[in-house]
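Working notes, structure below.
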Amino acid sequence: MENLRNLSDSMLVELYAAGNNEAFDVLLDRHQGKLFSYILFVVHNEELANDIFQETFVKAIMMIQQRRYVESGRFLSWLMRIAHNMIIDLFRQEKNENTVSDNDVDYDLFNDIRFSELNVESRLVMDQTLDDVRMMVDHLPKNQKEIVYMRYYQEMSFREIAEVTGVSINTALGRMRYALLNLRKMAVKKSLYSEALF
């Protein structure tokens, strides 16, 4: 198995398709961390993320065994695309792509005390700011949140993001633009709220 770890994804896929189960174990070990963290980030539910993660690999196994995997040198992107499609199926009802609304929560999202900086000690300011940004990202529409996560947390290019999400590069860029506009809107409201406290 140690020799298998030195092989490329495409070679491992071929070996697995030919009946070498250890080859798939290496693929799973190699990519499970990134794939699971992506799914969990989008769905925010560990049990659901585990289900989607397992279904993704079951579907990948079936497609490889049926020789339906087309080698493009991007096995992880292919896996993420499968997971993405499963997530989209789950959240298909959500139609609002371009705005942030606090109608879906029981509190005023834009005036949430958790977004304010209550402690002014310099060593905590950065942590608080990062927490605020993470919370604001959590309130973005799912397709925008997904783009922000892939771009800033997984350092994927817009070309890779477009490939994984099944949209054009322009659509991916547009979603990022809307995400940044929404984050800016939330930050301004947070700032105004903070000023009102003092």
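Read-outs: derived from the displayed coordinates by stated rules, not from any lab. Only a predicted model underlies this, so the values are computations on that prediction, with no experimental measurement involved. Backbone-built Cβ (ideal geometry, glycine too); neighbour counts: all protein chains shown.
Taking all pairs of distinct Cα atoms, average 1/r, flip it, and tell me the Kirkwood hydrodynamic radius of segment 4-90 in Å to one decimal place. Please report the intermediate quantities before stating the final value.
On the way: mean 1/r = 0.0761 Å⁻¹.
About 13.1 Å for segment 4-90.
Residue separation of residue 184 and residue 47 scaled by 0.36 nm, minus their Cα-Cα distance, works out to 46.1 nm of gained length. Projected label points at residue 70 and residue 6, each 7 Å from Cα along the beta carbon direction, are separated by 3.3 nanometres.
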